[in-house]
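S.K.: One structure, as structure tokens, below. Some questions next.
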Amino acid sequence: MDQQAHIATFIEQHHLLTLCASFQSNLWCANCYYAFDKQTMALYIMTSPESRHGKLMICNKFISGTIAPEPDDINDIQGVQFSGEVKLLEMEEAKNAENIYNQRFPIAKKIPSSLWKITLNELKMTDNRIKFGFKLSWQRY
């Protein structure tokens, strides 16, 4: 089984993540809609740099998070835990990300906000649909 492809397919099928940002003793989680770029294994999110998590991400680019639906049956549990580096995008990078994000969420064209890129460095997936407690992993390095 191609672990990266299986994980990427799961990520493509969903659109909401929870990210965890921190700096010194300050921690905060946030839910964000995302667009996935499978070629670069990156997620794009839209959020304000003035939000609580945005301020933390400016101070510390290292984040973690999850992507997980809420199945009723334990045998249908699937989810991804991730860690990566986040970057507030500007200029040309922001335009490219905007195209990807707006393709996934056309309504975003009407919402002025900043785009961020999460470069995924590590992914761990649980997929009980394959076998109870089945794990897959991927690392960039």
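The values are calculated or read from the model by the stated rules, or taken from the named source; none is laboratory data. Predicted model, so just to flag it, every value in this text is computed and none were measured. Don't worry about glycine lacking a Cβ; one is built from the backbone with ideal geometry, like all the others, and counts go over all protein chains shown.
S.K.: Could you list all residues from segment 37-63 that are touching a helix residue (DSSP H, G or I) at 6+ places or on another chain (Cβ under 7 Å) and more than 16 Å from Lys87 (Cβ to Cβ)?
M.R.: Within segment 37-63, Lys38 is the sole residue that qualifies.
S.K.: Of the conditions (1) over 17 Å from the mean Cα position of the chain (by Cα); (2) of a type in the set (Gly, Ala, Ser); (3) within 19 Å of Thr18 (Cα to Cα), Gly65 fails just one. Which one is it?
M.R.: (1) is the only condition that Gly65 fails.
To keep it simple, each residue is scored yes or no on (1) in a helix (DSSP H, G or I); (2) in contact with a Cys (Cβ under 6 Å, 6 or more places away or on another chain); (3) closer than 20 Å to Ala68 by Cα.
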{"position": "Lys87", "(1), (2), (3)": "no, no, no"}
{"position": "Ala94", "(1), (2), (3)": "yes, no, no"}
{"position": "Ile100", "(1), (2), (3)": "yes, no, no"}
{"position": "Gln103", "(1), (2), (3)": "yes, no, no"}
{"position": "Ile107", "(1), (2), (3)": "yes, no, no"}
{"position": "Pro112", "(1), (2), (3)": "no, no, no"}
{"position": "Ile118", "(1), (2), (3)": "no, no, yes"}
{"position": "Leu123", "(1), (2), (3)": "no, no, yes"}
{"position": "Ser137", "(1), (2), (3)": "no, no, yes"}
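S.K.: Sticking with this structure for a sec: For segment 1-47, enumerate the residues that are part of a loop (DSSP other than H, G, I, E, B) and surrounded by fewer than 15 Cβ atoms within 10 Å (Cβ to Cβ).
M.R.: Passing the criteria: Met1, Asp2, Gln13, His15, Gln24, Ser25, Lys38, Gln39, Thr40.
S.K.: Right, another one. If you check Thr126 against the conditions, is it out of contact with any Pro (no Cβ under 9 Å at 6 or more places or on another chain) and crowded, with 16+ Cβ neighbours inside 10 Å?
M.R.: In short, yes.
S.K.: Across segment 44-61, which residue is farthest from Ala108 (Cα to Cα) among those that are of a type outside the set (S, T, N, Q) and without any contact (Cβ under 8 Å) to a residue 40 or more places away in the chain?
M.R.: Taking the candidates together, the pick is Cys59.
S.K.: Name the single residue that is surrounded by the most Cβ atoms within 10 Å (Cβ to Cβ) among those in segment 101-119 being out of contact with any Phe, Trp or Tyr (no Cβ under 7 Å at 6 or more places or on another chain) and either more than 30 Å from Tyr141 (Cβ to Cβ) or modelled with pLDDT under 90 (or both).
M.R.: Filtering segment 101-119 for residues that are out of contact with any Phe, Trp or Tyr (no Cβ under 7 Å at 6 or more places or on another chain) and either more than 30 Å from Tyr141 (Cβ to Cβ) or modelled with pLDDT under 90 (or both), the one surrounded by the most Cβ atoms within 10 Å (Cβ to Cβ) comes out as Asn102.
S.K.: On the basis of being crowded, with 17+ Cβ neighbours inside 10 Å and either at pLDDT 95 or above or farther than 16 Å from Met41 by Cβ (or both), does Glu98 make the cut?
M.R.: Criteria met by Glu98.
S.K.: Could you run through segment 1-35 and say how many residues are under 23 Å from Ile130 (Cα atoms), among the hydrophobic types (A, V, I, L, M, F, W, C) and either in contact with a Ser or Thr (Cβ under 9 Å, 6 or more places away or on another chain) or touching a residue at least 24 places away in the same chain (Cβ under 8 Å) (or both)?
M.R.: Restricting attention to segment 1-35, the residues satisfying the condition of being under 23 Å from Ile130 (Cα atoms) are 1-17.
Filter once more, so that each one left must be among the hydrophobic types (A, V, I, L, M, F, W, C): 1, 5, 7-8, 10-11, 16-17.
From what's left, either in contact with a Ser or Thr (Cβ under 9 Å, 6 or more places away or on another chain) or touching a residue at least 24 places away in the same chain (Cβ under 8 Å) (or both): 1, 7-8, 10-11, 16-17.
So the answer is 7.
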